Structure formats: structure tokens, C-alpha cells
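The values are calculated or read from the model by the stated rules, or taken from the named source; none is laboratory data. Just so it is clear, the model here is predicted, and its values are computed rather than measured. Cβ: placed from backbone, ideal geometry, glycine included. Neighbour counts: every protein chain shown. Surface areas here come from the heavy atoms of the whole protein model, side chains and all, with no ligands, DNA or RNA. Shrake-Rupley method; radii C 1.70, N 1.55, O 1.52, S 1.80 Å.
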Amino acid sequence: MTINNVTVIGSGTMGSQIGIVAALNGFRTTIVDISDDALKAADEQLRYRMGRDVKKKRRSQADVGAAFERLTLTTDQAEAVKDADIVIEAAVENIEIKRKLFAELDSQAPAHAILATNSSNIVSSRLADATSRPEKVCNMHFFNPVLVMEACEVVGHDQTSEETLDTVAQLATDMGKKVIRVNQEIPGFIANRLLAALRTEALKLYQGGYASFEDIDIAATAALRHPMGPFELMDLVGIDVAYLIRKAEYEQTGEQESLPSPALEKKYNSGEYGRKTGRGWYVYDEEGKKIGPNEG
Ligand code: CAA
């Protein structure tokens with residue numbers, strides 16, 4: 001199956017960058033959001049990012065201009081999916097919202113269209129039965145920031161067809177990503193499970209008072225040469241995302257150890273979600289540069 005038209009649902013950190021990466025790689029792309037303000041913010045972010053790339057000679061102005069020509073941002077979901085070959089859902093990590101969305105997409109998208117979710121924690125078998133095309137439903141999981149990270153996990157459920165998985169893997173390759181095929185559903189898939197192990201230990205050490213979160217980040221960067229520490233990475237991915245991932249995992253496992261740690265819960269409840277709100281474990285300026293630790 002050939003993909004020409006890509007529709008992305010959700011214009012947050014992930015959805016907006018999935019959209020621009022698809023457009024940069026030649027796909028006619030539409031990003032949908034329920035909020036005009038969110039679309040405006042996404043457009044500004046993408047233009048800022050692309051502007052920097054041109055200034056730093058990472059991309060040509062012509063390539064960026066052509067990508068924006070191929071990219072549409074809209075609140076009209078029905079119109080946006082009516083010619084889609086694939087819909088990539090990158091909305092909030094909430095099973096009820098996703099199921100409702102998949103049922104809608106099933107009625108709005110052409111019969112041949114693949115319905116994929118960017119979630120790493122809500123496996124597609126939990127969404128497939130909300131549609132009439134389970135064989136065309138799977139996970140297509142990107143990493144943050146999508147413009148930079150080179151991987152994409154492709155995961156089917158028991159009824160996903162090989163053709164769907166091959167098509168999605170080819171699309172990820174055509175979007176410049178290395179594909180990780182996950183053979184069996186497991187919440188978090190591969191990369192996030194590795195990351196979760198590190199994050200859980202980091203939060204445990206912090207809560208136990210063994211070291212400050214800044215020093216734990218220094219251990220990861222200076223001692224292990226990770227590009228950023230687990231706390232800074234939580235701010236990048238979104239403390240809300242990290243929290244909701246734990247909640248979703250708890251719903252699926254029922255195990256106490258899946259629950260978010262008290263420190264993570266406190267941050268979530270305070271609405272300090274990291275870079276996107278300007279405050280998380282650290283404080284950020286308007287351009288997203290880290291200013292210092294959040295002492296609050
Ligand atoms: N969006 C797009 N591009 C970005 C970016 C962002 N948010 N942040 C940085 N970049 C790009 C820019 O091109 C930037 O260069 P300019 O500032 O000159 O434009 C370049 O990366 C370098 O950025 P910085 O100098 O600010 O910092 P850095 O060298 O530390 O790189 C980083 C930033 C690429 C994010 C790097 O720190 C990194 O790789 N961190 C680890 C990220 C990671 O582990 N991601 C996976 C998270 S797990 C996940 O995503 C799964 C999930 O389910 C949510």
C-alpha cells in the first residue's frame with residue numbers, strides 16, 4: 001500500500017513534530033486539533049524550529065518552504081481525514097478519549113486508511129475494537145523531539161495485518177527513522193521501558209534524599225554520558241505525560257509499583273509540566289532554554 005496523505009491528530013509537542021517531519025519528507029500532511037490556540041502555538045513553534053534549521057544551514061529555505069506548502073493545520077477533523085491514507089493519533093494519553101476518537105476516525109477515514117496511535121503505553125488492541133478495521137490498527141511510536149530522535153517503534157496487536165505493519169514501517173523509514181519492530185504488545189514497548197527503569201530509580205534516589213535531582217542528572221550526563229539526565233528528560237517529554245503513562249500502566253497491571261511516585265504526583269498536581277509550561281524540575285525561558293532548578 002502506498003502512503004501519500006498523512007493526517008496527525010493532536011498538535012502538541014509530539015503531533016506537531018510528527019506532522020512537520022512527514023511534510024519535510026514529501027507527504028501531504030494535515031495536523032488536526034480541537035483548539036485554534038493550540039494550532040497557532042504549534043505553527044509558531046514549527047516556524048521557529050524550521051527558522052533555526054535554515055539559519056544554521058541544516059535545511060534549505062526551499063525545503064522548508066515546500067514542507068509548509070504540504071502542511072495544513074485545521075480544527076475540521078472530518079475534512080482532514082477524508083482523503084487520509086494513514087491517521088496517526090497523538091492526542092492525550094487517555095483510553096476513553098482515544099477509543100472515542102478511533103470510533104470517529106473509523107467512520108470518517110476512507111476504508112483503506114490505517115489508523116495508528118503514537119502512544120507507547122496504550123497498546124492498539126485496546127483501541128482496535130472501537131473500529132470496524134482492527135487489521136489496520138497499530139502503534140507507531142515516535143520519540144521526543146521527533147525532529148531529532150531517529151527511532152520509531154512499530155507494534156501490532158493479534159489482528160493487525162502484516163501489510164499494515166510493513167506499510168507503517170516503510171512510512172517511518174521514509175520519514176527518516178530507524179524502525180524498531182516490537183513483536184508482541186507490552187506497555188511502554190522497548191525504549192520507554194529502558195527509560196522507565198532509569199526514571200524510577202532516579203525518583204527513588206531523589207525521594208530517599210540520597211541526592212538532589214540536579215546531582216542525579218549530573219550522574220547521568222557526566223558519569224554515563226547520557227545526553228540529558230532523567231529529570232531534565234521528564235521536563236522535555238512532559239511531567240504530565242510521564243505521570244499519565246504510569247497511571248495507564250497501573251490500569252493495565254493493577255500493580256502498586258506501576259503507580260506514579262509521590263514526587264511525580266506532586267509535580268503533576270501543581271501543573272508544572274516541564275518545558276511546555278516553563279517550569280518543571282527546572283525553570284525555562286521563552287525559547288525553552290534551561291535557566292536553573294525550580295526551587296518551588
Ligand atoms: N524540538 C526540536 N528540535 C530540538 C529540540 C526540540 N524540543 N531541542 C533541541 N532540538 C534540536 C535543535 O536542532 C537544537 O539546535 P538549535 O538549538 O541550534 O536549534 C539541537 O537539537 C541541540 O539542542 P540543544 O543545544 O538545546 O541541546 P542538546 O545538544 O542537549 O540536544 C536533545 C537536545 C536533542 C533533546 C538531546 O539532549 C537529547 O537527545 N536528549 C535525550 C532525548 C530523549 O531521550 N528523548 C526520548 C524521550 S522518550 C520519548 O520521547 C518517548 C515517549 O513516549 C514520550
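Observations on the structure shown:
- Flag if Leu24 is within 17 Å of the chain's Cα centre (by Cα) and surrounded by fewer than 24 Cβ atoms within 10 Å (Cβ to Cβ): no
- The listed residue being modelled with pLDDT under 95 and either among the aliphatic types (A, V, I, L, M) or touching a strand residue (DSSP E or B) at 6+ places or on another chain (Cβ under 7 Å) (or both), out of Ala191, Ala202, Ala220, Ala242: Ala242
- Residues of region 229-248 that are acidic (Asp, Glu) and open to solvent by 10 Å² or more (accessible area, probe 1.4 Å): Glu232, Asp240.
- Checking each residue in region 102-125 for being more than 10 Å from Met140 (Cβ to Cβ), open to solvent by less than 10 Å² (accessible area, probe 1.4 Å) and hydroxyl-bearing (Ser, Thr, Tyr) picks out only Ser120.
- Residue check, Leu224 at negative phi and open to solvent by less than 80 Å² (accessible area, probe 1.4 Å): no
- Residues of region 1-21 satisfying the condition of being more than 21 Å from Thr167 (Cβ to Cβ) and open to solvent by 30 Å² or more (accessible area, probe 1.4 Å): Gly12, Thr13
- Condition met for Phe213 (surrounded by 15 or more Cβ atoms within 10 Å (Cβ to Cβ) and over 22 Å from the mean Cα position of the chain (by Cα)): yes
- Residue match in region 150-165 (condition: open to solvent by 10 Å² or more (accessible area, probe 1.4 Å), within 14 Å of the ligand (Cβ to nearest atom), out of contact with any Asp or Glu (no Cβ under 8 Å at 6 or more places or on another chain) and under 26 Å from Tyr243 (Cβ atoms)): yes
- Residues satisfying the stated conditions in region 229-276, i.e. among the aromatic types (Phe, Trp, Tyr) and closer than 22 Å to Ile218 by Cα: Phe231, Tyr273
- Number of the condition not met by Ser125 [criteria: (1) of a type in the set (Ser, Thr, Tyr); (2) modelled with pLDDT of 95 or more; (3) more than 21 Å from Ile95 (Cβ to Cβ)]: (3)
- Restricted to region 205-296, the set of helices (runs of 4 or more DSSP H) holding at least 1 residues that are within 13 Å of the ligand (Cβ to nearest atom) comprises 213-218, 230-237, 239-253.
- Within region 9-38, tally of residues that are of a type in the set (Ser, Thr, Tyr) and within 11 Å of the ligand (Cβ to nearest atom): 2
- Failed criterion for Gln184 (all others in (1) more than 16 Å from the ligand (Cβ to nearest atom); (2) open to solvent by less than 60 Å² (accessible area, probe 1.4 Å) hold): (2)
- Residue under evaluation Val6, criteria (1) within 16 Å of the ligand (Cβ to nearest atom); (2) at pLDDT 95 or above; (3) of a type in the set (Val, Ile, Thr), criterion not met: (1)
- Pairs are defined by a Cβ separation below 8 Å, a sequence spacing of at least 6 or placement on different chains, a first member in region 212-229 that is more than 23 Å from Val148 (Cα to Cα), and a second member that is outside any loop (DSSP other than H, G, I, E, B) and of a type in the set (Phe, Trp, Tyr); the pairs so defined are Ser212/Tyr206; Phe213/Tyr206; Phe213/Phe231; Glu214/Phe231; Ile216/Tyr206; Ile216/Phe231.
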